[in-house]
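So the structure is just underneath, and the comments pick up after that.
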Amino acid sequence: MVPADYTLQRLRAVIAQAKALQCSEFPYDHSQQALERVLAHFRLLAETMESLGDNSSTEVVQQQCAIATRDIHVYLPLLGFILRSTNARNAFEFHRPFLRLAQDVLRPHADGGHVDTCLVMSSEWDFVPYIYHDIPMVVAVKLYEMGRLSSGAAAEMAGVPKPVFLGRLADYGVATFGLTGAQLDRETRLA
């Protein structure tokens with residue numbers, strides 16, 4: 001079998017699997033939206049492969065085959081992650097609070113609105129590429145920003161020394177020394 005034909009066959013198999021997943025019952029729209037994006041991506045790859053003709057250069061065909069093969073390798077686990085987002089063992093009641101936290105941390109806007117933040121929760125917590133590695137820091141920063149934790153307690157929660165925590169606040173859009181008088185008094189007492 002010609003490599004381009006084999007790659008196209010694999011792309012069609014991924015598309016068929018993604019279409020089958022569309023029949024799943026999704027508890028919230030974000031999983032379905034993620035699935036639609038993955039499906040659109042693979043349809044585009046398949047269209048590109050189908051557009052290659054006998055007159056296409058070998059290098060172009062090889063490059064498209066490599067791109068498609070890489071993307072299949074990368075996206076197949078994501079399809080499994082999306083499928084497991086329908087699992088009844090998931091804590092669906094946490095979706096809305098976690099989504100708000102993600103929106104506040106990842107895409108805050110001055111007007112209080114949130115744009116394009118989606119959250120897919122799955123029963124597969126050990127899927128490392130899709131777990132934000134800095135979750136303890138993100139949660140600690142948000143709780144500190146909300147005034148629920150002192151900088152020392154937040155640093156402890158994040159697992160870093162207090163100076164490191166204070167130094168990284170700007171990375172998350174939180175002013176290091178934007179404390180009110182009451183907050184400064186509290187920080188002084190708790191230090």
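The values are calculated or read from the model by the stated rules, or taken from the named source; none is laboratory data. Model, not experiment: these values are computed from the prediction.
For residues in segment 108-141 being under 30 Å from P77 (Cα atoms) and among the charged types (D, E, K, R), which is modelled with the lowest pLDDT?
Looking at the filtered set, the residue picked out is D126.
Identify, by number, the condition in (1) part of a loop (DSSP other than H, G, I, E, B); (2) modelled with pLDDT of 80 or more; (3) within 13 Å of H30 (Cα to Cα) that I82 doesn't meet.
Failed condition: (1).
Quick one: which of P77, P27 is at pLDDT below 90, within 29 Å of V120 (Cα to Cα) and in a helix (DSSP H, G or I)? Steps first, answer last, please.
Numbers: P27 fails: in a helix (DSSP H, G or I).
Answer to the selection: P77.
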